[in-house]
Amino acid sequence: MSKNIFFENKGPFTLTQLFSNQKDSLELKDVKALTEATKFDITFFDSLIYKNFAKETKASACITTEKLKKYLPKTCIAIIVKNVLYEMARVAKFFYPTSDIDFPDLSLKQPTNNDYKSVKFGNNVLIGKNVKLGENTIIGSNSIIEQNVQMGKDCVIGSQVILKNTIIGDNVVIQDGCKIGLKGFGFIPNKSINIKFPHIGKVVIHKNVEIASSCTIDRGSIDDTIINENTYLDNQVHVAHNVKIGKNCMIAGQVGFAGSCIIGDNVSIGGQAGISGHIKIGNNVKVGGGSGVIKDIPDNSVVMGYPAIPLKNFIKDWKKN
């Protein structure tokens, strides 16, 4: 994840400020994912799924468990806790205290011709501070582009679209009613109150992507949500926090992606399929409509059903019934 332009970082903080049981006075500058963290960053590691990332992390400190700490490099201080996600949420809120609630952008105003000379606006468009819009972009009526959003040239943004915490490449089409960059569905259950997980990431949409009407794309929690170039999303697709979708993918209507799943290149997914969180779908995969993908799918596979299985097996089972 690149430098955070959407949330103000209140750091640095020392380890002793963040954890009362720590004696090391190491100063930490930011919170980042295992793969993005560098020296003087703090990260977290809560599942064996990510052990290879943990082994290579450049973070100076990592919130983890006693069982998992052995996978961390010696250069990384292991902060041993009982509940990794709870402690990570607490630390992220230290650095970014406003990232657990989507506060409305009060800097919004109607753009003038002098602000964006080569951009065309419909009626009642509102733009926040420090928004960058590329040449020859068109923005439909009643759309809202919140502060610090960046957009490339030749983009088409429909009506009643909301964009926040988002960076968009050239030649991107976002159709009517889409909501992009809002906080994801991240919380930690607690008997007395559900603790909201801060979302300090953003949405990155690469060039030549088309997103059809009424899609929702959540920003990342600690990492970013990314849609790579030449990928098309049909109507009413939901993309949760930290999802990575590869190049040249075709996603049909009402598909749902749970958090932190990774989708390869040239993937086709039929309508109303559901993709579970923290799994990986390889390159050149086809997923049949209505399927439920609950485990990793290797490259060049064709799957269908719930749970999704190889298409040949699905057809055999169907014929038996």
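What's the FRET efficiency of residue 313 with residue 52 using the Cβ-Cβ distance as r and R₀ = 25 Å, to the nearest 0.05? Result of the calculation: an efficiency of 0.25.
The order of the peptides 222-230, 146-154, 65-73, 126-134 by mean Cβ neighbours within 10 Å, most packed first, is 222-230, 146-154, 126-134, 65-73.
Straight-line reach from residue 316: taking Cα to Cα under 19 Å and skipping same-chain neighbours fewer than 8 places apart, the lysines in range are 286. With a Förster radius of 51 Å, plug the Cβ-Cβ distance of residue 22 and residue 185 into 1/(1 + (r/R0)^6) and report the FRET value to the nearest 0.05. Efficiency, rounded to the nearest 0.05: 0.95.
How far, in nm, would the chain grow between residue 284 and residue 114 when pulled straight, counting 0.36 nm per residue and subtracting the alpha carbon separation?
Numbers: separation 170, 0.36 × 170 = 61.20 nm, distance 4.61 nm.
Between residue 284 and residue 114, full extension yields 56.6 nm more.
Farthest towards the positive end of the charge dipole of the chain, among the residues 163, 302, 252, is the Cα of 302, using unit charges on the Cβ of Lys, Arg, Asp and Glu. The 3J(HN,Hα) values that the Karplus relation (6.51, -1.76, 1.60; θ = phi - 60°) gives for the range 41-48 are, in residue order, 9, 10, 9, 9, 8, 10, 8, 4 Hz. Gly and Pro appear as x.
Roughly what % of Cα-Cα distances in the range 13-95 sit above 20 Å, to the whole percent?
Values: 662 of 3403 pairs.
Counting every Cα pair in the range 13-95, those more than 20 Å apart make up 19 percent.
Extension gain, residue 142 to residue 306: 0.36 nm times the residue separation minus the Cα-Cα distance gives 55.0 nm.
Here's how it looks for residue 280: its modeled amide H is under 5 Å from those of 262, 296, 297, which are all 5 or more places away or on a different chain.
Remark: the range 1-136 carries a charge dipole of roughly 340 debye about the Cα centre, counting +1 on each Lys and Arg Cβ and -1 on each Asp and Glu Cβ. For residue 187, the residues whose modelled amide H falls within less than 5 Å of its own, excluding neighbours fewer than 5 places apart on the same chain, are 197.
Only sites in a loop by DSSP and with at most 13 other Cβ atoms within 10 Å count here; which trypsin sites (Lys or Arg not before Pro) in the range 213-321 make the cut? Loop-located and lightly packed - 295.
Would you mind checking the pairs 32/69; 55/295; 29/132; 32/196; 55/247 and listing those with alpha carbons more than 21 angstrom apart? Kindly include the intermediate steps, with their values, before the conclusion.
On the way: 32/69 18 Å; 55/295 23 Å; 29/132 27 Å; 32/196 18 Å; 55/247 28 Å.
In this structure, 55/295; 29/132; 55/247 lie more than 21 Å apart at Cα.
If you average 1/r across every pair of different Cα atoms in the range 1-47 and take the reciprocal, what Kirkwood value do you get, in Å? All intermediate terms of the calculation are to be shown ahead of the outcome.
Details: mean 1/r = 0.0858 Å⁻¹.
The answer is 11.7 Å.
At q = 0.14 Å⁻¹, what log₁₀ I(q)/I(0) does the chain have when each alpha carbon counts as one equal point scatterer in the Debye sum? Debye curve over Cα of the chain, log10 I(q)/I(0) at q = 0.14 Å⁻¹: -1.10. For residue 319, a cut-off of 18 angstrom between C-alpha atoms picks up no lysines at all, skipping any fewer than 8 places away in its own chain.
Rule-based calculations on the coordinates, nothing more; no lab input. Treat the numbers as computed from the prediction; the structure is a model and nothing was measured. Cβ coordinates were reconstructed from backbone atoms using ideal geometry, including for glycine residues, and neighbour counts include every protein chain displayed.
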